[in-house]
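Below: one structure, written as structure tokens.
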Amino acid sequence: MHIVIMGCGRVGSSIAHSLEDQGHSVAIIDQDPEAFRKLRSGFKGTKVTGVGFDRDVLTEAGIQRADAFAAVSSGDNSNVIAARVARESFGVQRVVARIYDPRRASVYQRLGIPTVATVAWTADQMLRRLIPEGAESLWRDPTGAVVLAEVAYSDDWLGEKIYDLEQAAHTRIAFIARLGEAVIPGPSLVLQEGDVVHVIAEEADLSKVASVFGSREPGKAGH
């Protein structure tokens, strides 16, 4: 595969090295030629100095034959603009943009641009592991109507069948993360301590699902 990366900071250079180690062809773009110092001396990929959403710069980086594009510069707007140019002007299907403001994520998702946030995202993930509650959207379709979300649950559900939990909340559990592995639940799978539940649902129903998951009374059937 040929992958084009915009931004040669710590993240961009790390991605470039990892991809090259896996045998992929890599081109990396940065406005500051000094940024390429972060690349190891043996880096064999293409280094292009310029603005990552400029068509000529992208062409020089081989965007026309690229299988994927990653925008990881320090500017949210630049990253999303570059990702949109790569997808809409050059037809690159696999694009992702790094963002610093996770509040913009839903907007970018509606544009069909997958995003990865930084500090705020990490802090939120840490807090959810310390004090799990409610639901957190992990993915949404381009319209924003359907979401894949991690939903916290009451300990009172432990030992009950996943099917009963689905029936009670009128939702579909896409998979369970158990001991580091993803498990697609069958009709007899039982919820165990430490399981992380991922639900696929309409966004409008997510708060109701979270309420059912988090408020089951002991001894009640899951229907």
Worksheet entry | Residues with amide H under 5 Å from that of HIS24, placed H, sequence gap 5 or more | none
Response to the item:
Any residue on another chain or 5+ positions along whose placed amide H is under 5 Å from the amide H of CYS8 is listed here as none
Discussion item. What are the ³J(HN,Hα) couplings of the stretch 20-29, residue after residue, when phi is run through the Karplus curve with 6.51, -1.76, 1.60 and θ = phi - 60°? Round to Hz, x for glycine and proline.
Written reply: 5, 4, 8, x, 8, 8, 10, 10, 10, 10
Worksheet item: Suppose every K and R has +1 on its Cβ and every D and E has -1 on its Cβ; what is the size of the dipole of the chain about the Cα centre, in Debye to the nearest 20?
Response: 660 debye
Item to complete: Quickly estimate the mean residue ellipticity at 222 nm for the chain, helices only: each DSSP H run with n ≥ 4 gives -39500 (n - 2.57), and the total goes over all residues, rounded to 500.
Response: -8500 deg cm²/dmol
Worksheet entry | Hz values of 3J(HN,Hα) by residue in the stretch 150-166 - Karplus curve (6.51, -1.76, 1.60), Gly and Pro given as x | 8, 10, 6, 9, 6, 4, 5, 7, 4, x, 8, 6, 4, 4, 5, 5, 4
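Give me the percent of Cα-Cα pairs in the chain that sit more than 31 Å apart, rounded to a whole number. Don't skip to the end; give the middle numbers.
Numbers: 9028 of 24753 pairs.
The proportion of pairs with Cα distances above 31 Å equals 36 percent.
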Fill in: Estimated distance in nm for a label pair at GLN192 and LYS44, the labels positioned 7 Å out from Cα along Cα-to-Cβ
4.4 nm
Fill in: Unit charges at the beta carbon, dipole of the chain: most positive-side option, HIS17, VAL146, PHE175
HIS17
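Quick one: length gained pulling GLU60 to GLN31 fully straight, 0.36 nm per residue minus the C-alpha distance? Could the numbers behind the result be given before it?
Numbers: separation 29, 0.36 × 29 = 10.44 nm, distance 1.37 nm.
Gain on stretching GLU60 to GLN31: 9.1 nm.
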Practice prompt. Amide H neighbours of ILE99 under 5 Å, at least 5 residues apart or on other chains, H built in the peptide plane: list them.
Written response: VAL116, ALA117, THR118
Item to complete: Return, ordered by residue number, the residues of the stretch 186-203 whose backbone nitrogen is under 13 Å from a label point located 7 Å along Cα→Cβ of THR143.
Response: 202-203
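Coordinate-derived values only; no laboratory data. Remember, predicted model here, so these are calculated numbers, not experimental data. Note that each Cβ is placed from the backbone with ideal geometry, even for glycine, and that neighbours are counted across all protein chains shown.
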